[in-house]
Every structure is written in C-alpha cells, then in structure tokens.
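Here the structure comes first, spelled out in structure tokens, and everything after it is commentary.
Bear in mind these aren't lab numbers, they're just calculated from the coordinates by the rules spelled out. Being a predicted model, the structure only gives us computed values, none of them experimental. With ideal geometry, Cβ positions are generated from the backbone for all residues, glycine too; neighbour counts draw on all protein chains shown.
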Amino acid sequence: MELKILKPKESALVSKITVHKTGKLGFSKGAMEQLELESNKFCKFGMNEEGDLFIIVSNEKDDETYNVAKAGDYYYVSAKALLEDDLDIDYRSKNTTIFDLFKTENKKIMKMVKRVITK
C-alpha cells in the first residue's frame, strides 16, 4: 500500500485573542505572527450582515483604529468600551472569553470566533 503523506500547513502556534480581566484584548504568539503585529500597529473591528466578528490590521491610524500596544513580548488592545458596549462581553466575569482567529481571503482580515470557558 502506498500512502500520500500530508504535510502540516498550519503554524504550530495557536492563533487567538483572549479577553483580559482588565478590558484588554491580548494576542497569542500565533496571532501576533499571523497578524504581523510588529509592522501593523493598528487594528479595527467589524461585523458582517450575519453578525460575524472580524479584526482588520493596518499600519496606518485613522479615526476608527485601535492602537496595538506592546508590553514585553506581547501585544494587546485596550478595548473596554468595545467589549461592553458593542460586543456585550463582561470582561470582569469569572469566565474566560477567547476569540479563535481564522484566515480570510484578505491576509489583513481575520474572522474572530468567540468561545467561553465557564468557571
């Protein structure tokens, strides 16, 4: 029997954004790589007609962008109002909210799929 070996195409790093208890969105190492946060210092959040959430990264600031800040080796976005007002997420909750990131046709736009770890 001859087998065709399927090579890994995925990064070994998990690509996700975690909601911190401080109201910040923290990027995993995988997300930092995929979103190229070393050069893309700004981001926007948007929803499509179906209510799916997306993050768009940019290297240019405008009146709709959030600043991507760096602390040590990690990047984050201060997003209290976005979480509370637009996404109805209680960032102070005991539960942990995570957004798994998925590629789209545009490499600067990633789909954010929410999951909650209940405690």
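Computed from the C-beta positions of Asn106 and Glu84, the FRET efficiency with R₀ = 25 Å rounds to 0.35. Listed by Cβ neighbour count within 10 Å, with the fewest neighbours leading, Met1, Met47 appear as Met1, Met47. Listed from fewest to most Cβ neighbours within 10 Å, the set Leu83, Leu101 follows the order Leu83, Leu101.
Scattering from the stretch 16-117 was approximated by placing one identical point on each alpha carbon and applying the Debye formula without solvent; log10 I(q)/I(0) at 0.10, 0.14, 0.17 1/Å stands at -0.24, -0.48, -0.73.
For the chain, the mean residue ellipticity at 222 nm estimated from helices alone is -1000 deg cm²/dmol, where every DSSP H run of n ≥ 4 contributes -39500 (n - 2.57) and the total is divided by all residues, rounded to the nearest 500.
Between the alpha-carbon centres of the stretch 64-119 and the stretch 1-56 there is a gap of 10 Å. The GluC sites (Glu not before Pro) of the stretch 53-107 that DSSP puts in a loop, and whose beta carbon has at most 12 other beta carbons within 10 Å, are Glu60, Glu64, Glu105. Remark: Thr104, Thr65, Thr118 ranked as Thr118, Thr104, Thr65, counting other beta-carbon atoms within 10 Å and listing the fewest first.
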